[in-house]
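Please treat every number below as a calculation from the coordinates, not as lab data. No experiment lies behind these values; they were computed from the predicted model shown. With ideal geometry, Cβ positions are generated from the backbone for all residues, glycine too; neighbour counts draw on all protein chains shown.
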Amino acid sequence: MAPGSAPHATPVEAVLAAVDGHAAGLTEADATRRLQRYGANTLTEPPRRGPVLRFLAHFHNVLIYVLLGSAAITAGLGHFVDTGVILAVVIANAVIGFVQEGRAEQAMSAIRRMLAPQSSVLRDGERRSVDSAALVPGDIVLLEAGDRVPADLRLTEAAGLRIDEAILTGESVPVDKGTRPVAADAPVGDRAGMAFSGTLVAAGAGRGVVVATGGATEIGRISGMLSRVETLTTPLVGQMNAFARWLTMLILLIAAVLLVYGYFVGHLPFAELFMAVVGLSVAAIPEGLPAVLTITLAVGVQAMARRNAIVRRLPAIETLGSVSVICTDKTGTLTRNEMMVATLAGASHTYSVAGSGYAPEGRICLADADIDPAEHTRLIEFARAAALCNDAAVRRHEDGWRVEGDPMEGALKALAGKIMRQSNGDPFAGWRRSDAIPFDARHRYMAVLHHDHEGHAFIHVKGAPESVLAMCSAERAADGEDAPLDPDRWRRRIDDIAARGQRVLALAVRPVPQEHVVLNTADLDGELVLIGLVGLIDPPRPEAVDAVAECHGAGIRVKMITGDHAGTAAAIARQIGLRNPDAVLTGADIEGMNDAELAAAVADTDVFARTSPEHKLRLVTAFQSKGLTVAMTGDGVNDAPALKRADAGIAMGRKGSEAAKEASDLVLADDNFASIVAAVREGRTVYDNIKKVISWTLPTSAGESMTIVVALFLGMALPITAVQILWVNLITATTLGIALAFEPTERNTMKRPPRSRDAPLLSGELVWHIILVSVLFLAAVFGIYAYAIDSGHAPDLARTMALNTLVVLEIFHLFFIRNIYGTSLTWKAAKGTPVVWACVATVVLAQFAVTYVPPLQQVFGTRAVPLFDGMLIVAVGAVFFAVIEFEKQLRLAVRRMR
Ligand code: ATP
């Protein structure tokens, strides 16, 4: 026993005393003091490599080795200018890689911050939500299914509490937890009175006092949960990087063959030939591609985070862009989850309840006339069941009344206040809860056992009306007596309230002997007396209506999958604008179907009601069997399998459990359906931008390298030198390519049907584009070079003109690529974006410098281009643009006709 504990203290009291805690929790002031003493409740992160090592790591790359080798050889040959340029290029490459890595890390750590877990604790005697990192020994933590235990807790209460301790013990079956002490030397796996940090609550509810935080916890001691350092990549980008590596090897092979061929067969001087081959390698290898793709992803992750969609697993960015079905919850996602009781239905009367938000003040009317609730004793019973069968609290803040806990329960607390005319405090605070059966989406009710001061004991139950009616044998009649239950009449009333879009709950009660202190399901079966029904309004989110319409325009079906009543679901579906709102499939219907029947039935059904989490899993599978890409939302612990199975699992950031978040690919910071649609839009944008980066980079590389290969094979002088190629490729190409990573969403992005998930990125269309553009590049560069030589210009000037042509073509190509799905001939397209113009301006300035500044002319072997020839080069660029734009318009027109 800890020093200072009372001699006859219960084990729990002893623990409380040991940590100097109190059953009502710590005060905020005490918590702050303890936080200073014990430190934050976080695990130390693994040490990161220093910036120098991270910078050096960017030199570990085949291309860099090749370039460094080339630098050594050129130095050996006495071409020191070339050596200097190559080394400058190597360093520039490492700097760009280092900067993009920094950007990617920034994106990831911003996301980690947004996902910081919260815990429910008792502070100053009230239930509060605090950052788990701020927990201190002595805090009382409340646990419920789906929570991740935030610190090591000695349990003081446990109702059906089962915890998955696989992370600590490797045991995958959740273990039962209780409050009884165990032997002091019991192994971790047998300490049933403890909940350990990092483990997951699989079922039930409980509370416990924090006994260890941060590094002092069991998990902290074995340091098992250190956050993995996630790299910013997706399957598509991975494939592209693999493709780039493969291309590098191929090009090096071709370069070697060319070197041997040129030297032994073509008898070219080695130094010149070697430089040409180095130029070819650098031109053909898309060295900037991995860096630009990573930046594209980082920009996408940040854009989604700004729209309240936090990407947990990066491949989701791609998947989201191809989503063809979104399965969404109703409560809180399509609706606001701001509940208010509007209707009370007793045996003979139906009352309407007025008020605003969660304020426990408002009129109660019967047949449009205000009544005094005190004169309607039936209403007191409503209030008692509503207030006692409840874990939430409503509290007045400066900006109005707010709920701590489940909003529906908050609405019931407000109702109790309205009936009892007691807006301060809890009208039934004197009743002591001795046991509870927590709400579970599978049985859909919650039951509590209470004792009052006068020795009475009651069980109160609230839940889905079907579940509660099934447990009732009687109903409270208008005269206060009990009468046999008339289920058919109640069902009609349930349908009536649900048809108005209200969520319906039933309340029931059963008096029990005072000695009764443990609650079992057997106590409920057929023993309850129905008090009546409660109808709650939860208005649809206005932005969800627009978002659903946007989905329909984008060829995405929206399916509502709710645990709510079919009538309520249909009414809300109608208000939200879902298709076929009245063709509702219920959980019971789903159970009656085999997988094939279900797959056939789901295609045209958009509303699924009274479903449980297992149905969600079957529905995802059914949609997937139809070849659809499914996004599925979830919040509860039991939704995890469906979230994992879905192509994009989406968890709710606010009301979602930690278990659901961990199973998901995406977390919605605001639980809002409109954010899912924003994420889909961003997903499509990121995919388009990846495609744009690739569609821009590959033809540019191919065009440049073909220039060298053709010149070598035809035995012509190179129209552009190796050093110039290095310049174009590493300086201009990367700068311009990055502009595409920041491209905004194209106007018609959400008007296109979703792309097929396995549509190859290197499609026939892209291959054709690569061929077309590289041939045009080739023609333009050789054309200008030939023109310059014909006009009597020196070879150096001719090469400078060819070099500038290449860069001008790249810029025009960039403007073309910005609109791959629509015309580039609009004011908006020409206007570009600040990022595009910044990149273009940088490249143009650099190009002017290389062409006109004497020291740079020395390095790059360039000459000042006369004005007329400069204008000619720009004109060639414009013609190139006109040709590819015409070809695109033709292709789009043919596609539209099909
Ligand atoms: P959605 O999937 O749209 O979020 P939901 O939140 O209505 O649906 P569940 O949480 O599974 O789905 O709830 C199903 C039903 O269980 C509700 O319609 C309600 O009747 C009942 N219910 C929900 N929460 C509670 C609770 N805390 N106590 C008692 N009954 C509840």
- Message: Give me a comma-separated list of calculated 3J(HN,Hα) values for the range 535-547, in order, Karplus coefficients 6.51, -1.76, 1.60 applied at θ = phi - 60°, integers in Hz, x for any Gly or Pro.
- Response: x, 10, 8, 8, x, x, 6, x, 5, 5, 4, 5, 5
- Check each of the GluC sites (Glu not before Pro) in the range 429-503 and keep only those in coil by DSSP with at most 10 other C-beta atoms within 10 angstrom; list them in order. Glu454, Glu481
- Note on the structure: Sorting Val667, Phe713, Leu726 by the position of each Cα along the dipole of the chain (Lys, Arg +1; Asp, Glu -1; all at Cβ), the one nearest the positive end of that ordering is Phe713
- Message: Going Cα to Cα from Lys413, which lysines come in below 27 Å? Please leave out same-chain ones fewer than 8 positions away.
- Response: Lys330, Lys462, Lys655
- Item | Exposure proxy order (Cβ contacts within 10 Å, fewest to most) of Met108, Met871 | Met871, Met108
- Message: Can you give me the angle between helix 613-625 and the longest principal axis of the chain, using Cα atoms only, in degrees from 0 to 90, rounded to the nearest 10?
- Response: 30 degrees
- Note on the structure: From fewest to most C-beta neighbours within 10 Å, the residues Ile771, Ile708 line up as Ile771, Ile708
- Task: For helix 407-420, report the angle its Cα long axis makes with the longest principal axis of the Cα atoms of the chain; keep it between 0 and 90° and round to the nearest 10°.
- Result: 30 degrees
- Once the other residues with Cβ under 14 Å from the Cβ of Ala829 are scored (Lys, Arg +1; Asp, Glu -1), what is the net sum? +3
- Note on the structure: Taking every other residue with Cβ under 10 Å from the Cβ of Pro539 and scoring Lys and Arg +1, Asp and Glu -1, one gets 0
- Could you list the residues of the range 50-93 with an amide nitrogen less than 16 Å from a label point located 7 Å from the Cα of Asn241 in the Cα-to-C-beta direction? 54-55, 57-64
- Query: Can you give the helix-only mean residue ellipticity at 222 nm for the chain, where every DSSP H stretch with n ≥ 4 adds -39500 (n - 2.57) and the sum goes over all residues, rounded to the nearest 500 deg cm²/dmol?
  - Reply: -15000 deg cm²/dmol
- Cα gyration tensor, the range 363-495 - rounded (a/c under 1.5), prolate or oblate: rounded
- Message: Need one word for the chain: rounded, prolate or oblate. Basis is the Cα gyration tensor (sqrt eigenvalues a ≥ b ≥ c); a/c below 1.5 gives rounded, then a/b vs b/c decides.
- Response: prolate
- Query: Is the shape of the range 839-898 rounded, prolate or oblate, going by the alpha carbon gyration tensor and its root eigenvalues a ≥ b ≥ c, with a/c under 1.5 for rounded and a/b larger than b/c for prolate?
  - Reply: prolate
- Message: Can you return the aspartates and glutamates within cross-link range of Lys644? Criterion is Cα-Cα under 12 Å, with same-chain partners fewer than 8 residues away left out.
- Response: Glu662, Asp665
- Message: Loop only by DSSP, 14 or fewer other Cβ within 10 Å of the Cβ. Give me the trypsin sites (Lys or Arg not before Pro) in the range 297-363 that pass, ordered by residue number.
- Response: Arg313, Arg363
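By the scheme Lys and Arg +1, Asp and Glu -1, what is the net charge of all other residues having a beta-carbon under 14 Å from that of Gly526?
Once positives and negatives cancel, what remains is -4.
Could you list Trp401, Trp696 so that the one with the fewest beta carbons within 10 Å of its beta carbon is first and the one with the most is last?
Working: Trp401 20, Trp696 26.
The fewest-first ordering by Cβ neighbours comes to Trp401, Trp696.
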- Kirkwood calc, the range 81-190, C-alpha pairs only, radius in angstrom 18.5 Å
- Item | Listed pairs Lys831/Lys888; Lys691/Lys751; Lys691/Lys888 exceeding 22 Å between Cα atoms | none
- Cα centroid distance between the range 520-568 and the range 76-114, in Å? 53 Å
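Could you work out the relative contact order of the chain, using alpha carbon pairs under 8 angstrom and six or more residues apart, expressed as a whole percent?
The normalised contact order for the chain reaches 12 percent.
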- DSSP loop (so not H, G, I, E, B), at most 15 other Cβ within 10 Å: list which GluC sites (Glu not before Pro) in the range 368-448 pass both filters. Glu398
